[in-house]
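First the structure, in the form of structure tokens, and then the observations on it.
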Amino acid sequence: MRWMKIPQIVIWLMGSLAVGLVATAAPIPKLTLYTHWFAQPEDGGFYTALLKGFWREEGIDVEIVQGGANANVEKKVSLDPRSFGITPAEQVVQGVAHGLPLVSVVNFFQYDPQCLMVHEESSVRSFADLDGQTIAAVTGAVYFQFLAKKYHLTHARVVPYNGAIAPFLKDPQLVQQAFPTSEPFFAARAGVRTRVLMVHESGFAPYRIVAAHSDMVREHPQWVRAFARGAYRGWLEFVQHPGPALDKICKVSPMNDRSVADFAVTKMKELHFIEGFKERGESFGANNPERWKSLVQQLAELSIVPPTLKPESLYNDAWLPSKVGISEVDVLRAGGN
């Protein structure tokens, strides 16, 4: 009967349309996240986002590529328009000043975890006490240039830091750059008690951020939003359940074992790297334009960048937690501010 042919035609048309839609559907964009060092607990939220499939759920496919000594994250991102990179904020300032196409899009730590480590019995109790000391630090480190200028460290002797703590263990007078989440643990394991001076307490307080290629920020803001939302979800999950990410990190990086990883998480929470300090108006993922302005001014006073560099060109705060659907309730539930 003629009326019976209509449903068959409709079904055929619908099937053809479905096939056509599948054939023309855009593929999931493949993006890269370059890390500043070998896999470490300080990257835990990103590994959680990967393991839990949060980025996939947001519509992007992210690969995490480990860094290492001389990782040069800023250059890698500048050469890859589909990439992000983990770095301290002052590196973005320098990169943009030299013409690199970088934009900060996620502040995952309110403070970069840079510190100076001393022996427990050391006479160094403040940054001013560093004058006349021997300090193992990365050559040209911006934070140390700031400290030297502010505290008039004219008699401090800087020796190259190669990532090892053996010289520090042998010399009770040596001061060494460190992360409070790592080197103090290994020193304690070797029987050496330590203290740390957190660099951000000196007034030099860059965020630890994720930078994106400026072309992606301009042409594919939806990818950046998906990345930011997935990353925030990863960090909130990591704060509550760090185990799976730590297991993964210890597996892919021989520099970690579970005991040091657990120590690192404890220190991250204890020192408020993730959520900052409420009394200072800080919170998880927050971005304060005044801090960027201060950072640019500090680097300009050190003649590292020109004073004409515009702080607002360094970041895009369109993807703060609240702007991508991460509520204050989510943060509170995870133990943040």
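The values are calculated or read from the model by the stated rules, or taken from the named source; none is laboratory data. Model, not experiment: these values are computed from the prediction. Reconstructed Cβ throughout: ideal geometry from the backbone, glycine too, with neighbour counts over all protein chains shown.
Here is how the numbers come out for the structure above:
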| item | result |
| --- | --- |
| Residue within the stretch 181-193 that is within 15 Å of the chain's Cα centre (by Cα) and in the same structural domain as Thr266 (by TED's automatic domain parsing) present | no |
| Residue match in the stretch 92-104 (condition: among the hydroxyl-bearing types (Ser, Thr, Tyr), crowded, with 20+ Cβ neighbours inside 10 Å and modelled with pLDDT of 95 or more) | yes |
| Residue in the stretch 245-256 that is nearest to Tyr47 (Cα to Cα), counting only those that are over 19 Å from the mean Cα position of the chain (by Cα) and in a helix (DSSP H, G or I) | Asp247 |
| Single match in Ser322, Ser303 (criterion: surrounded by fewer than 19 Cβ atoms within 10 Å (Cβ to Cβ), of a type in the set (Gly, Ala, Ser) and in a loop (DSSP other than H, G, I, E, B)) | Ser303 |
| Test: Pro160 is in contact with a Ser or Thr (Cβ under 8 Å, 6 or more places away or on another chain) and surrounded by fewer than 22 Cβ atoms within 10 Å (Cβ to Cβ) | yes |
| Ala231 vs. criteria buried (at least 20 other Cβ atoms within 10 Å of the Cβ) and at negative phi | yes |
| Criterion: polar (S, T, N, Q) and outside any helix (DSSP H, G or I) - qualifying residue of Ser259, Ser283 | Ser283 |
| Condition met for Glu275 (touching a Gly at 6+ places or on another chain (Cβ under 6 Å) and closer than 19 Å to Gln114 by Cα) | yes |
| The stretch 34-58, residues that are assigned to a helix (DSSP H, G or I) and of a type in the set (Phe, Trp, Tyr) | Phe46, Tyr47, Phe54, Trp55 |
| Tally of residues being under 21 Å from Arg280 (Cα atoms) and in contact with a helix residue (DSSP H, G or I) (Cβ under 7 Å, 6 or more places away or on another chain) across the stretch 291-311 | 6 |
| The stretch 180-204, residues that are buried (at least 20 other Cβ atoms within 10 Å of the Cβ) and in a loop (DSSP other than H, G, I, E, B) | Pro180, Thr181, Ser182, Phe204 |
| Residue that is surrounded by the fewest Cβ atoms within 10 Å (Cβ to Cβ) [pool: residues in the stretch 40-89 that are farther than 23 Å from Pro206 by Cα and among the small types (Gly, Ala, Ser)] | Gly53 |
| The stretch 36-71, residues that are at pLDDT below 95 and of a type in the set (Ser, Thr, Tyr) | none |
| So Val19, is it part of a helix (DSSP H, G or I) and either modelled with pLDDT under 95 or within 30 Å of Tyr143 (Cα to Cα) (or both) | yes |
| Residue match in the stretch 141-150 (condition: touching a strand residue (DSSP E or B) at 6+ places or on another chain (Cβ under 9 Å) and on the phi > 0 side of the Ramachandran plot) | no |
| Residues of the stretch 105-134 satisfying the condition of being in contact with a strand residue (DSSP E or B) (Cβ under 6 Å, 6 or more places away or on another chain) and surrounded by 22 or more Cβ atoms within 10 Å (Cβ to Cβ) | Val105, Val106, Asn107, Phe109, Asp112, Cys115, Leu116, Met117, Val118 |
